[in-house]
Amino acid sequence: MSKVQHNNNMRRDPTDIRRQEAEAQRDERAAKAKRDKEVEDFKEVVRTKQGRRFIWRLLEEAGVYRSSFTGTSQTFFLEGQRNMGLLLIREIHEICPDVYTLMLKEQESHDN
């Protein structure tokens, strides 16, 4: 912590509820703006067939469609990869659920 931050923390009045509420609202607005940007970025990626193919490849590499159990400590590593893939699936379903179905159809036609 820098000297300036330390001095600011010492000057803060812990009973100043208005300041705390204002800071919480500011933080909430910043988090929302960040999430909005992430959502728009994701939509831009899956807008194209190439982007959807890339996302599908990440899902396959993450191992979301196979067991990660190996009977060794490698399972922990594979579960970490799988968890990232599941996070990606959650994003797909939350942001643009119709894209998952489209990706499945595109992958099916690619495999045939």
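Name the one entry in ARG26, ARG35 that is part of a helix (DSSP H, G or I), closer than 28 Å to ASP98 by Cβ and among the basic types (Lys, Arg).
Matching residue, one of ARG26, ARG35: ARG35.
Does the stretch 71-87 include one or more residues that are assigned by TED's automatic domain parsing to the domain that holds HIS110, of a type in the set (D, E, K, R) and out of contact with any helix residue (DSSP H, G or I) (no Cβ under 8 Å at 6 or more places or on another chain)?
yes
Okay, residues lined up against (1) assigned by TED's automatic domain parsing to the domain that holds HIS110; (2) of a type outside the set (Asp, Glu); (3) surrounded by 10 or more Cβ atoms within 10 Å (Cβ to Cβ):
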residue	(1), (2), (3)
PRO14	no, yes, no
ILE17	no, yes, no
ARG26	no, yes, yes
ARG29	no, yes, yes
LEU59	yes, yes, yes
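Those residues that are part of a loop (DSSP other than H, G, I, E, B) and either over 23 Å from GLN107 (Cα atoms) or modelled with pLDDT under 95 (or both), I need them from the stretch 38-63; list them, please.
Scanning the stretch 38-63 gives no hits.
I'm trying to understand the selection: among the residues of the stretch 73-112, which are aliphatic (A, V, I, L, M) and closer than 20 Å to GLN50 by Cα?
LEU88, ILE89, ILE92, ILE95, VAL99, LEU102, MET103, LEU104 - these are the residues of the stretch 73-112 that are aliphatic (A, V, I, L, M) and closer than 20 Å to GLN50 by Cα.
The values are calculated or read from the model by the stated rules, or taken from the named source; none is laboratory data. These numbers were taken from a predicted model, which means no experiment stands behind them. In this analysis, Cβ positions are derived from the backbone assuming ideal geometry, glycine residues included, and neighbour counts consider all displayed protein chains.
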